[in-house]
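Below is one structure, written out as structure tokens; the observations come after it.
Every number in this text was worked out from the coordinates using simple rules, so none of it is lab data. Just so it is clear, the model here is predicted, and its values are computed rather than measured. Neighbour counts are summed over all protein chains in view; Cβ atoms, including those assigned to glycine, are modelled from backbone coordinates with ideal geometry.
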């Protein structure tokens, strides 16, 4: 498993104070305890030890300050409304930290002001290859991502990983030969990018009353799941007959050569704060695989 540079030191988790109740305190310094790297994901894994902390903060009024290159641990996004249809979208563009020429950091905020509709964040490749779902064996990431909602109860957000598909040939080549193959994912109406059929939704991000817990969202935030319809003209009649269409799902990690321009589409319905933590131990992303229900 890759050992990241940034996890070997203490990390500042934020540069501004956030109003929280006693059970929502965000430490100003991340825990420096040693993390025991695990090659398997356990649901009861203790979230202690060195990690990178990112706070996505929803605000009502747009920020006007230039926040490029701030290298802080905060991204500001529009707050939106708790009415389901009145969300505000921020696209958090993702960049491969392994290609960075001006920093040794594995994780860092490049543009903290997402209230203008766009922000940017740098992180490493997740460390696994594209595969057809379901996987017959564990598919381990190099790091794990956990999130929990904080702030005033009632809001939630939806996060979807999106990207441009630039190598459809290789994507289709992972599947059986067919007369026709079609990508069925929804596209972003603004960018035209394909968005994953898998999301981090209200079941994870809804801010309820009382203490909140972390959820593992490594699979959702480090890959796009493509839904592909393939048609084999078994009757050789140029007509789509019953039983000739099959749906396949392919998980493609961010920064794979098949995709480009990756971003998290962050739709906010009044969530004040989403705390994200990046830990230096692996997650079996295949545990999130579904072959029905998407």
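Summary table below
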quantity	calculated
Inter-centroid distance (Cα atoms) of the stretch 234-254 relative to the stretch 88-146, Å	31 Å
Burial order of peptide ranges 87-99, 267-279 (average beta-carbon count within 10 Å, highest first)	267-279, 87-99
Segments 213-223, 164-174, 117-127 sorted - mean Cβ within 10 Å per residue, highest first	213-223, 117-127, 164-174
Å³ per residue enclosed by the Cα convex hull of the stretch 67-220	158 Å³
Sequence ranges 154-161, 104-111, ranked by mean other-Cβ count within 10 angstrom, highest first	154-161, 104-111
Inter-probe distance in nm under a simple model that places probes 7 Å from Cα toward Cβ, at residue 211 and residue 187	4.8 nm
Virtual spin-label span in nm between residue 233 and residue 104, 7 Å along Cα→Cβ	6.0 nm
Distance histogram in 5 Å bins (all Cα pairs of the stretch 45-108, percent per bin)	4, 12, 18, 22, 15, 14, 11, 4, 1
Pair residue 84, residue 294: separation of 7 Å Cα→Cβ label points (nm)	2.3 nm
